[in-house]
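The values are calculated or read from the model by the stated rules, or taken from the named source; none is laboratory data. Not measured: the values here are computed from a predicted model. Here Cβ is always computed from backbone atoms with ideal geometry, including for glycine, and neighbour counts include all displayed protein chains.
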Amino acid sequence: MLDKVPPSGIRKFFDLIASMDDVISLGVGEPDFATPWHITETAIRSLEQGLTMYTSNCGMLELRQEVAGHLKATYGVEYDPETEVLITNGVSEGVDLAMRAVIDPGDEILIPDPSYVAYPACVLFAGGQPVWVPTSCDSEFRLRPEDVGVRITERTKGLLMGYPSNPTGAVMELSDLAKIADVAERHDLVVISDEIYSLMVYGTEPNCFASLPGMRDRTIVLGGFSKAYAMTGWRIGYAAGDSRFIGAMTKIHQYTALCAPIMGQVAALEALRAGAEEAGKMLEEYDRRRRVVIKGFNEIGLNCFEPRGAFYAFPSIVSTGLTSEQFAERLLLEEKVAVVPGTAFGPSGEGHVRVCYATSISNIEEALKRITLFVKRCRSKKRARD
Ligand SMILES: Cc1ncc(COP(=O)(O)O)c(C=O)c1O
């Protein structure tokens, strides 16, 4: 089965970048900020006090209570911190545990195409079959209920989706999600909703799939700290859902991970209690960069719909006459700007590249200058060929 899983298309690219100098990277999906100092300091103090041991398998009860409080206060969804919340080693582990808990051999899991690279891999690792549901620029990469509906078979067990989306930056409004909820209800699907970017939205309100009527008990909500609080290295996330899911996930987690790192849990607790202001400042800065990126790509003639979540843009590169892979590889080699081919995230990513704007405005402006030159060259070569 491992043969069916190709190496991550993103990693291949990063290995190439690592071998070059002076590359401006719009590639890696990681905040360029350090973790806010009060969060780091709280963790340092806990280490000084000797908090270096295992925690409960499910994670520190205080943190689970704080997570449950956050979900209730933000989205009005209630979870019992004792049985319905699990602290994980990032959302990465949450996706893997959810797939292993939900999938019986041969079950099909629907996944929006394009999506985060780990989704199809984790479905395959769990013995399931990933089934792409194409999305496109025409509908701003939102998942459409009719596209989900036509792919349902008697083997369909669930839907694994992540909005705001990596790689497109697309958001699904509650009204869009309500239509997906109807399909889930009708076909008795489990919904695994990766909401790692839920707080990172621009000009729209954060939402949670489980808050929709009837969805709480059929949804596993995955949430995290890596992006909104700039805490990728702390390896902390959580899963919230009905105890039949969280119980099954905890069973796997207790044997394979034992628990999430205690220093990360202490840091996450501080982030939830007092991190909103710093997270808000980072979000404002991402929003400023987002506007520069969208304007820049549209001016170059690489059409870019307005992404309203996460820190990604997904411009179309079709006008250059290159495939996504060719565009990303040549741009890197010729102008030393790294972007990720859209196809790394699924076949519907063809014709696009993922641009991560978690980098300084000056880097973005320099990258846009280089991309302008590159695209001009591509277009004149294309004209000569045509
Ligand atoms: C959609 C999505 N889910 C999960 C992850 C992994 O998050 P974590 O650092 O919490 O494991 C990422 C990281 O890029 C992501 O983009």
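Points worth noting:
- Residue within the stretch 251-265 that is of a type in the set (D, E, K, R), surrounded by fewer than 21 Cβ atoms within 10 Å (Cβ to Cβ) and closer than 27 Å to Ile111 by Cα present: yes
Conditions tested, residue by residue: (1) in contact with a strand residue (DSSP E or B) (Cβ under 8 Å, 6 or more places away or on another chain); (2) within 27 Å of Leu302 (Cα to Cα).
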{"site": "Tyr116", "(1), (2)": "yes, yes"}
{"site": "Ala126", "(1), (2)": "no, no"}
{"site": "Leu143", "(1), (2)": "yes, yes"}
{"site": "Val190", "(1), (2)": "yes, no"}
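- Flag for Pro114 being free of Cβ contacts under 8 Å to residues at least 60 places away in the same chain, within 30 Å of Val150 (Cα to Cα) and surrounded by 20 or more Cβ atoms within 10 Å (Cβ to Cβ): no
- Entirely in the stretch 30-105, the helices (runs of 4 or more DSSP H) that have 1 or more residues that are in the same structural domain as Ser243 (by TED's automatic domain parsing), touching a strand residue (DSSP E or B) at 6+ places or on another chain (Cβ under 7 Å) and within 15 Å of the ligand (Cβ to nearest atom): 61-75, 90-102
- Helices (runs of 4 or more DSSP H) wholly inside the stretch 224-330 that include at least 3 residues being touching a Phe, Trp or Tyr at 6+ places or on another chain (Cβ under 9 Å): 262-274, 276-300
- All of Gly241, Gly214, Gly237 fail the test of being in the same structural domain as Tyr79 (by TED's automatic domain parsing) and either within 16 Å of the ligand (Cβ to nearest atom) or within 16 Å of the chain's Cα centre (by Cα) (or both), apart from Gly237.
- Residue that is at pLDDT below 95 and either within 23 Å of the chain's Cα centre (by Cα) or buried (at least 24 other Cβ atoms within 10 Å of the Cβ) (or both), where the choices are Phe345, Phe305: Phe305
- In the set (1) surrounded by fewer than 20 Cβ atoms within 10 Å (Cβ to Cβ); (2) within 26 Å of Lys4 (Cβ to Cβ), Ser165 fails one condition alone, (1).
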